[in-house]
Amino acid sequence: MNTEQESEADHKHELQDETANLESLYTQILKNIGEDPNRQGLAKTPLRAAKALEFLTSGYHQELNIVLNEAIFDEDFDEMVIVKDIEFYSLCEHHILPFWGKCHVGYLPRKQIIGISKIPRIVDMFARRLQVQERLTREIAEALETVLDPTGVGVVMEAQHMCMMARGVEKQASKMTTNAMLGTFREDSSTRAEFLRCVQVS
């Protein structure tokens, strides 16, 4: 077994240990709420929950340059590029309950464009962590600014939060909208207005 294979095997064992630890914790949670984790319906729930949480927080194990996979291209194009209605799912860091919605991203290139599928991948990378919507919005914008050095970047996120819907104030129809505007999207009102008009956010 070479060094690369050994490293891969070690990583696999680490992931298995992490899953086993989470499974044990979920078993304890079931006991603490008065359930029997050994009954038929719950026998495999701790393992399923552990794997679900690992997936929903997989963004912690991703790096921007790996996600991009060199999909930055030189292009003499300087008009606004928009990818809208990107579905996302995240976990609120205050209650570890889901929030979800749509993300709209726009940028003004400065001789470089990004592969279209990479924008949703960037959204997912940051969404699959414990988050607040405000920070998530800013992180996506700053990531695009870092890798593209565009004239400007705009990100708008609209989401529903389970922590408001199923507990607390229990408001089912409320949505939260956040935006992050960088460069000309922040400095030039007409650029900002064009972007918001295109994604139909007033």
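The values are calculated or read from the model by the stated rules, or taken from the named source; none is laboratory data. These numbers come from a predicted model, not from an experiment. Every residue, glycine as well, gets a Cβ built from its backbone with ideal geometry; the counts of neighbours run over all protein chains shown. To get the accessible areas, we keep the full protein, side chains included, count just its heavy atoms, and leave off ligands, DNA and RNA. Shrake-Rupley method; radii C 1.70, N 1.55, O 1.52, S 1.80 Å.
Some notes on this structure:
- Residues of segment 32-48 that turn out to be closer than 17 Å to Asn21 by Cβ, open to solvent by less than 70 Å² (accessible area, probe 1.4 Å) and assigned to a helix (DSSP H, G or I), as a count: 3
- Selection from segment 121-134 of residues that are open to solvent by 10 Å² or more (accessible area, probe 1.4 Å), farther than 20 Å from Phe73 by Cβ and in a helix (DSSP H, G or I): Asp124, Phe126, Glu134
- Taken over segment 187-202, the criterion of being free of Cβ contacts under 8 Å to residues at least 40 places away in the same chain, part of a helix (DSSP H, G or I) and either in contact with a strand residue (DSSP E or B) (Cβ under 9 Å, 6 or more places away or on another chain) or closer than 22 Å to Leu130 by Cα (or both) is satisfied by Glu187, Arg192.
- Annotation note: of Lys51, Lys102, Lys111, Lys84, the sole residue that is open to solvent by 40 Å² or more (accessible area, probe 1.4 Å), at pLDDT below 95 and not aliphatic (A, V, I, L, M) is Lys111.
- Options Thr137, Thr151, Thr146: the member that is polar (S, T, N, Q), under 18 Å from Val199 (Cα atoms) and modelled with pLDDT of 95 or more: Thr137
- Val132 touching a His at 6+ places or on another chain (Cβ under 8 Å) and either under 23 Å from His61 (Cα atoms) or modelled with pLDDT under 95 (or both): yes
- Just one of (1) over 15 Å from Val81 (Cβ atoms); (2) in contact with a strand residue (DSSP E or B) (Cβ under 9 Å, 6 or more places away or on another chain); (3) surrounded by fewer than 17 Cβ atoms within 10 Å (Cβ to Cβ) fails for Thr137. It is (3).
- For segment 145-186, the candidate set comprises residues that are in contact (Cβ under 8 Å) with a residue 40 or more places away in the chain, in a loop (DSSP other than H, G, I, E, B) and open to solvent by less than 80 Å² (accessible area, probe 1.4 Å); within that set, the residue that is nearest to Gly115 (Cα to Cα) is Pro150.
- Cβ pairs under 9 Å, 6+ apart, first in segment 43-55 and closer than 17 Å to Pro98 by Cα, second outside any helix (DSSP H, G or I) and open to solvent by 40 Å² or more (accessible area, probe 1.4 Å): Leu53/Ile96; Phe55/Arg128
- The numbered conditions (1) touching a residue at least 24 places away in the same chain (Cβ under 8 Å); (2) over 27 Å from Glu187 (Cα atoms); (3) exposed (fewer than 14 other Cβ atoms within 10 Å of the Cβ) are all true for Glu70 except (1).
- Residue match in segment 63-72 (condition: over 15 Å from the mean Cα position of the chain (by Cα) and part of a strand (DSSP E or B)): yes
- Filtered residues of segment 168-192 (kept if among the polar types (S, T, N, Q) and touching a helix residue (DSSP H, G or I) at 6+ places or on another chain (Cβ under 7 Å)): Gln172, Ser174, Thr178, Asn179, Thr184, Thr191
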